[in-house]
Structures are given as C-alpha cells and as structure tokens.
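Q: Quick one: this structure, given as structure tokens, is what I'll be asking you about.
The values are calculated or read from the model by the stated rules, or taken from the named source; none is laboratory data. Everything numeric in this text was worked out from a predicted model, so none of it was measured. As a convention, Cβ positions derive from the backbone with ideal geometry for all residues, glycine included, and neighbour counts pool all protein chains shown. Ligands, DNA and RNA are excluded from the accessible area calculation, which covers all protein heavy atoms including side chains. Shrake-Rupley method; radii C 1.70, N 1.55, O 1.52, S 1.80 Å.
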Amino acid sequence: MRFLYPNMLWGLLALLIPILVHLFNFRRHKLVYFSNTAVLRNIQQENAKTRKLKYLVTLLLRCLFIAALVLAFAFPYRPEKQLNMDATDHLVGVYIDNSMSMKGQSQRTTLIEDARQSARDLVHKLSPSSRYLLMTNSFEIQNEYPMNQEEMLDQLDRMNPDGAPVPMGEVMDRFGMLAKQHGFSTSTLFVYSDFQQNTFDLSAAKADTTMQMVVVPMIPEFKTNLYVDSVWLASPIVQSGLANDLMVRVVIQGDKEVKGLPVNFTMNGNLAASTTVDLEKNGTAELTMQFVVEEGGEQRCSVALMDHPIIFDDRYDFVLSAKPSLSVVELGTEHSSCALLFEDDEQFRYTLMEPSRFDLGTIAQAQLLIVNETAKLNETLQQTLLDAVSEGASLMVFPAVDEPRSNSYLLEKLGLRPMETDTNTTAVEDLALQHAFFSDMILDLPQHPDLPKVKRHIRLKSNGIPTPLLTLKNGDPLLLSATVGKGQAFVMATALSPAWSDLADNALFVPTMVKAAFLGGKMGRLSYTIGTDKMLVLSDMNLEGDHRFLFANADRSFELMPASEVRNGKVYLYLNDNLPNAGFYDLLVNDTLNRVTAWNESRIESKMDFADRDAIEPQFKKAGFNVAAVLDTSDFATADLIEAMAHQSSQWKLFALIALLALLGEIAVLRFWK
C-alpha cells in the first residue's frame with residue numbers, strides 16, 4: 001500500500017493527545033457537603049476494574065478514529081494499480097468509441113468531443129517519449145502504427161467521428177495484436193466509450209496478460225431517443241400510377257410519451273405523404289403511408305421525423321424501383337393457358353422457354369416461373385429453379401400430363417412426394433381464406449361459389465411444411481404453398497388440360513396466377529446497413545467482357561471500388577471499407593450508372609441501454625482483462641494520472657468508514673456503558 005499524500009501521515013502524532021488525556025487525569029475534584037449521608041445510598045457502586053476497562057476501550061476507539069482519519073486523508077492506494085508507462089517497449093493505446101451513440105449530448109458538448117479532449121489532456125500529461133496508437137471503430141490504418149506525442153495529438157484532431165458499432169471484444173483483440181506486431185512487450189489501453197449493452201460484448205475476446213486497461217465511461221446527459229426503425233412495402237411490387245402502401249416502424253426509447261409526432265415521407269426530395277404518431281413510454285408504432293409513383297425507374301425515398309439531440313437515426317433512406325412490367329417465364333414444349341393470361345398484358349413480359357434450352361440469365365430475372373404440363377426437367381434445371389425462388393421469385397408447378405410423377409426432385413425439395421393418380425371426379429371444397437395469399441384477394445365468397453372441378457389429380461404426400469391453399473372434397477390438397485428462402489413455391493395437383501380439370505376456365509385461375517406473379521416481384525433490397533452489409537449479391541445483371549464497379553455519392557466527392565466476383569450468373573460485391581455517411585450512393589459499372597443504393601446507420605446504436613458504471617470493471621475482469629482503474633474525463637484535466645487513480649481507489653473510503661465507526665463506538669461506550 002502506498003500513499004498519494006504521505007506528508008499527511010505526520011498527523012498520526014495527534015494520537016498522543018488522547019493518550020496524554022488518559023494518563024493524566026486533569027479533572028479537579030470538588031468538595032460537596034452532605035447534611036445527611038443517607039442520600040449516598042442512591043449512588044450505584046462501580047467496580048474499579050470495570051471503570052479501567054471502560055477508559056481503555058474509550059482510549060482505543062479515540063486512537064482508531066484519529067489514525068483512520070489521517071490514513072484516509074493520505075489517500076492510500078495499491079502499488080500494483082500504478083501504471084508504469086515509461087519503458088521504451090511500452091505502448092500507450094487510446095480507444096475512442098466513434099459510433100453514432102457517442103454523438104449524444106454530454107454536460108458540455110457531445111460524448112465524442114469530451115472523449116477527444118480528455119484524450120488530448122492525457123497525452124499532454126504523459127511522457128513525451130511515450131509511443132501511442134489510436135483505436136476507433138473505423139480501424140483506420142493510418143492510426144494503427146506507433147506515433148510520438150505530436151503525431152498522436154494531430155491524429156486525435158483528424159479522427160473520423162462517424163464509425164459503425166463494433167463489439168468491444170473485437171477492439172481489445174485488435175489492439176493486442178497490433179501491440180505484439182509492433183514489438184511492444186507491455187501496453188496500456190485507455191478506453192473511452194458509452195458502453196452500450198448491444199456492443200459491450202467480451203464473450204469472444206482473448207485476454208492479453210501484458211495489457212492493462214484504464215476505463216473511462218462516457219455518461220450521456222439524455223437517455224431518450226426517437227427513431228425510424230425500419231420501412232417495408234405492403235405489396236412486393238411498385239408500379240407507376242397505382243396506389244401503394246408503405247409500412248413504417250417508429251420507436252421511442254426512454255420514459256417519455258410523445259403525442260402528434262410528425263412523420264414525413266419524401267420521394268426525390270418532394271413530399272409524398274405525411275402523418276402523425278402517438279407513442280407510449282418505450283413504445284413502438286407501425287404506420288401505413290399511401291403513395292403513388294408517377295413515373296417508372298428508381299425513386300430516392302426517405303422517411304424522417306424530428307428528434308434531438310440524437311439525430312443520426314431520425315431519417316431512413318431507401319430506393320423504390322417502379323417496374324413497368326413483370327417477367328413471366330413458362331417452361332415447357334408448348335404454350336399452356338398461362339400464355340393467354342400473360343402474353344398480351346402490358347404489365348407482364350411473357351416468355352416460353354424449352355427446358356432443353358434454358359437461359360440462366362432469363363430465369364434469374366423472372367418474377368414468376370411456371371412449370372407447365374409439357375415440361376420434364378432434369379435435376380440441374382430443377383435446382384436452378386429452386387435457387388431462383390430462394391432469391392425472391394415465385395414458382396408455379398403443374399404436373400406433366402403424360403408422366404405425372406416427373407420433376408419429383410423438385411417436389412421432394414419442397415417437402416412433397418407424388419403418389420398415385422386419382423381419376424375420380426371431384427371439386428374444390430375449401431379455400432384457405434385466412435392465409436395471406438387469399439386474404440386480400442377474396443373478401444367474401446357467395447353462398448354457392450363456382451369452384452374448380454377436377455377429373456384427375458396427383459395425390460401428394462406432404463411432410464407437413466407446405467400449406468394447403470385449396471382442398472378437394474376428398475381431403476386431398478389441390479394447391480400447396482411452401483416458402484423457399486425469399487420466395488414462394490406453389491404446387492398444383494392437377495393440370496390445366498380440360499382432360500384433367502376446368503381450372504383454366506374457372507374465375508379463380510386468373511387472380512391466383514396474377515397474385516403469384518406479384519409475390520415474385522423481387523423488389524430487391526430497399527436499403528443496406530453501414531458496417532453490417534459487407535457483401536451485396538446482384539442477380540439481375542447481364543455482364544459481358546471486363547467490368548469495373550464503383551460506389552459514388554451524388555457529387556462524386558467520394559468513390560469506393562469494391563472487390564467483385566461473377567458466379568452462376570450473379571454478381572458478388574465485397575465492401576472492405578465502410579461508406580462514410582448514410583445516404584444514397586450510385587453503383588457505376590464501367591462509369592455508367594447501373595442503379596442507386598440507399599444506406600442507413602445501424603439501429604443497434606439507437607437503443608439507449610448502457611452498462612452501469614459499477615458493472616463495467618467486473619465484466620472486464622470476468623473476461624480476464626487487467627483493469628487498473630475506472631476514471632472520469634475530468635480526472636485528466638485536473639490531476640496527474642497517479643493522483644486520479646488514487647482518488648478512484650476504494651481504500652481511502654475504507655479508512656473513512658473505519659473512522660466513522662470508531663466515533664460511533666466511542667459515543668455508544670460513553671452513553672450506554674454504565
């Protein structure tokens with residue numbers, strides 16, 4: 001144990017005062033005359049030994065009070081907590097959490113600016129010969145080499161304030177790796193963070209015994225936040241001139257109610273819709289905003305609200321692609337009744353493709369894939385169709401009339417096994433009206449509806465996963481639905497041929513096929529998340545020859561070239577660096593605009609849930625890290641490092657508590673010991 005103010009120990013000489021008082025009784029006796037000694041009988045007799053013991057206990061308590069009080073003012077601390085950072089092979093690291101939540105309001109400015117200034121004060125107070133390394137969530141290479149004091153101060157001024165959230169354990173591992181990589185045997189890391197629960201994750205971190213830490217929690221002034229959590233479309237396809245519904249989720253974090261909060265939806269900079277929302281404490285609300293796209297192409301859209309002081313999540317950007325038509329590809333050797341439905345409709349682009357000459361690019365871009373009653377597919381083509389469905393397309397499968405049990409590989413992958421052919425004439429008896437497929441298509445059935453009649457059908461044995469949408473009177477399913485990745489696959493147990501059923505002539509046929517096509521609208525991603533989406537998969541590109549990809553903002557002041565790979569008709573783009581800000585970025589292919597992408601900050605940082613200050617050190621220690629101290633930002637501006645750490649020590653508090661107990665003990669002895 002060492003003392004921050006050892007000169008205070010001279011105060012222990014004050015122990016002589018109670019000792020001298022007890023050794024010499026300075027009390028003068030006064031003579032009292034009694035006219036009648038009978039009153040002395042009321043005086044309780046006191047044993048001489050008891051009186052001496054009482055005096056001795058009182059003396060010890062007084063000495064303990066004085067000694068504990070002096071030691072508390074001397075500020076004792078443990079020597080192992082002292083930071084030895086003057087060695088030539090010692091690295092000083094400063095980690096500043098530059099995620100969006102650090103832009104929250106502090107008592108003075110913002111948390112990140114307080115952290116930056118505190119780090120500057122720290123560097124100024126340390127030895128000029130120390131070597132430094134600056135860590136942020138951005139993992140910028142120019143900061144991750146040993147710097148002198150002047151370089152460190154310059155990099156603190158240039159530090160990027162916008163970074164994606166990163167698990168705390170990943171930062172610890174990276175600093176330990178860099179310290180060893182640069183040849184330092186020991187290191188000290190100063191951690192500035194608000195310690196959000198979502199990112200304060202040390203489960204995968206590997207503790208480094210050569211590293212000691214000084215933790216500086218940043219406490220936000222306000223812990224209430226309003227934000228736009230997400231948006232999605234009620235319908236999977238947007239067409240110009242038609243009404244569309246946009247769903248918006250708004251969240252409030254904190255013990256505050258909000259009434260009549262304006263929420264605005266803009267398209268290409270113009271107001272498209274507006275509404276208000278009421279939110280309870282820590283509540284969530286889902287809004288429906290109706291809009292109309294006047295022209296085709298990509299629309300730059302945003303949903304925004306007003307909230308202070310945390311504003312990075314008040315706006316959600318996304319891109320709507322209004323498709324002039326949907327691609328329908330029918331696989332078979334002959335046209336079926338589907339051709340009559342889609343071929344002459346301007347909303348659809350119909351293609352008949354023979355299975356022996358299929359085109360991967362056409363299949364990848366289709367919204368609806370139809371396997372008609374003349375198609376016999378090999379396993380490769382069947383798997384290709386499943387891959388297309390997993391990316392968002394819809395698939396409708398009809399049994400082949402001359403070989404009903406063909407395409408069994410495809411059916412088995414959907415959880416179905418074709419059995420025998422049933423030649424008994426029957427009809428549809430039940431529709432799954434509560435299912436999402438029919439719920440907005442059929443509002444009400446007449447008392448005696450005209451439902452499809454079936455002369456022949458394949459009995460399909462299900463593993464329980466596909467959902468029956470149409471059921472025959474004998475209990476066999478006629479139409480089943482199964483989810484495959486992002487898309488939907490539908491299997492019909494009867495063919496469209498009049499020898500099998502009157503399905504093609506029934507009023508239910510057209511809305512069923514059109515709904516399946518709309519479900520395969522394959523809108524793609526409305527937006528991406530910075531720091532999370534590192535790989536983009538684009539399945540609607542036809543590339544020939546050399547190609548160069550580039551992400552750029554509107555004024556071309558920022559450009560990023562991703563790594564790219566073309567595989568199985570798809571383009572894979574890999575982003576090794578994060579985009580600098582949320583917003584819209586053009587994707588250029590060979591300097592030609594291919595599409596517009598929207599990027600938003602992660603909403604993980606929007607949740608105002610922070611680790612308690614007293615729980616931070618135990619969590620680090622549980623993970624095996626050596627935490628030397630938990631300090632405040634003001635400690636680096638008002639005191640040197642050793643003094644700040646000593647003030648944080650709990651030992652002086654222990655001695656102050658002992659002094660208080662000794663004083664209370666003395667009072668109890670003098671008052672109650674008779």
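Q: Quick one: ranking Ile363, Ile311 by accessible area, 1.4 Å probe, largest first, what do you get?
A: Numbers: Ile363 0, Ile311 100 Å².
The ranking, largest first, comes out as Ile311, Ile363.
Q: As an exercise, identify the trypsin sites (Lys or Arg not before Pro) in segment 364-416 lying in DSSP coil whose Cβ has no more than 14 other Cβ atoms within 10 Å.
A: Qualifying residues, ordered by number: Arg405.
Q: Ignoring ligands, DNA and RNA, how do Ser356, Ser138 rank by accessible area with a 1.4 Å probe, largest first?
A: In descending accessible area the options line up as Ser356, Ser138.
Q: Hey, another quick one. So what's Rg/Rh here for segment 91-235, counting alpha carbon atoms and using the Kirkwood radius for Rh?
A: Radius of gyration over Kirkwood radius for segment 91-235 works out to 1.01.
Q: Straight-line reach from Lys54: which lysines have Cα under 26 Å away, leaving out those fewer than 8 places along the same chain?
A: Lys30, Lys674
Q: Could you check the simple spin-label distance between Glu294 and Met8, using points 7 Å along Cα→Cβ, in nm with one decimal?
A: 7.5
Q: Now a separate question. Roughly speaking, what is the centre-to-centre gap between segment 131-151 and segment 426-500 when only Cα atoms are used, to the nearest Å?
A: A separation of 64 Å, based on Cα centres.
Q: Gain in length, Asn576 to Gln434, computed as 0.36 nm per residue apart minus the alpha-carbon separation, to one decimal in nm?
A: 46.6 nm
Q: Here's a follow-up. Rounded to the nearest 0.05, what FRET efficiency is calculated for Thr483 and Lys621 with R0 set to 41 Å and r the Cβ-Cβ distance?
A: About 0.35, to the nearest 0.05.
Q: Rolling a 1.4 angstrom probe over the protein chains, ignoring ligands and nucleic acids, what is the accessible area of Tyr5 in square angstrom, nearest 10?
A: Answer for Tyr5: close to 80 Å² accessible.
Q: A follow-up question, please. Which helices pass in the chain if a helix is a full DSSP H run, must span at least 30 angstrom along its long axis by Cα, and must have mean Kyte-Doolittle hydropathy not below -1.0?
A: Long hydrophobic helices here: 48-73, 651-672.
Q: Right, something else. How long are the semi-axes of the equivalent ellipsoid of segment 278-357, defined as square roots of 5 times the Cα gyration tensor eigenvalues? Whole Å, largest first.
A: 44, 14, 13
Q: Which shape class, rounded, prolate or oblate, goes with the chain when its Cα gyration tensor gives a ≥ b ≥ c as root eigenvalues, a/c under 1.5 marks rounded, and past that a/b bigger than b/c marks prolate?
A: Judged from the Cα gyration tensor, the chain comes out prolate (a/c at least 1.5, a/b above b/c).
Q: Between Asp89 and Leu53, with labels modelled 7 Å along Cα→Cβ, what's the label distance in nm to one decimal, could you check?
A: Rounded to a tenth, the inter-label distance reads 6.2 nm.
Q: Something else now. Which FRET efficiency value, to the nearest 0.05, is calculated for Asn148 and Lys259 with the Förster distance at 35 angstrom and r the Cβ-Cβ distance?
A: With R0 = 35 Å, the Cβ-Cβ based efficiency is 0.05.
Q: Quick check: pseudo-label points 7 Å beyond the Cα along Cα→Cβ at Thr423 and Ser564, how many nm apart are they?
A: 5.8
Q: Then there's this: Would you kindly state how much longer the chain becomes between Asp614 and Gln347 on full extension, computed as 0.36 nm times their sequence separation minus their alpha carbon distance, in nm to one decimal?
A: Result: 89.9 nm gained on full extension.
Q: On a 1.4 Å probe surface of the protein chains, which of Arg603, Arg120 comes out largest in accessible area, and what is the full order? Show your work: numbers first, answer last.
A: On the way: Arg603 30, Arg120 50 Å².
Sorted by accessible area, descending: Arg120, Arg603.
Q: Determine the alpha carbon to alpha carbon distance for each of Lys206/Lys607; Lys259/Lys607; Lys376/Lys570 and list only those over 22 Å. The partial results should precede the final answer.
A: Working: Lys206/Lys607 27 Å; Lys259/Lys607 20 Å; Lys376/Lys570 26 Å.
As for pairs spanning more than 22 Å Cα to Cα, those are Lys206/Lys607; Lys376/Lys570.
Q: Where both residues lie in the chain, what percent of DSSP beta bridges are antiparallel, nearest 5?
A: Percentage antiparallel, nearest 5: 65.
Q: For segment 266-357, what proportion of DSSP beta bridges, expressed in % and rounded to the nearest 5, is antiparallel?
A: On the way: 12 of 18 bridges.
If we restrict to bridges inside segment 266-357, about 65 percent are antiparallel.
Q: For a label point 7 angstrom out from the Cα of Leu593 toward its Cβ, which stretches of segment 272-307 have the backbone nitrogen within less than 12 Å?
A: Counting only backbone N, you get 297-300.
Q: Right, something else. Roughly what % antiparallel, to the nearest 5, for the DSSP beta bridges in segment 262-419?
A: Values: 18 of 32 bridges.
Taking every DSSP beta bridge within segment 262-419, about 55 percent pair in antiparallel fashion.
Q: Round to the nearest 0.05 the FRET efficiency obtained for Thr333 and Ser557 when R0 = 41 Å and r is the Cβ-Cβ distance.
A: Working: r = 55 Å, r/R0 = 1.35.
In this case the efficiency is close to 0.15.
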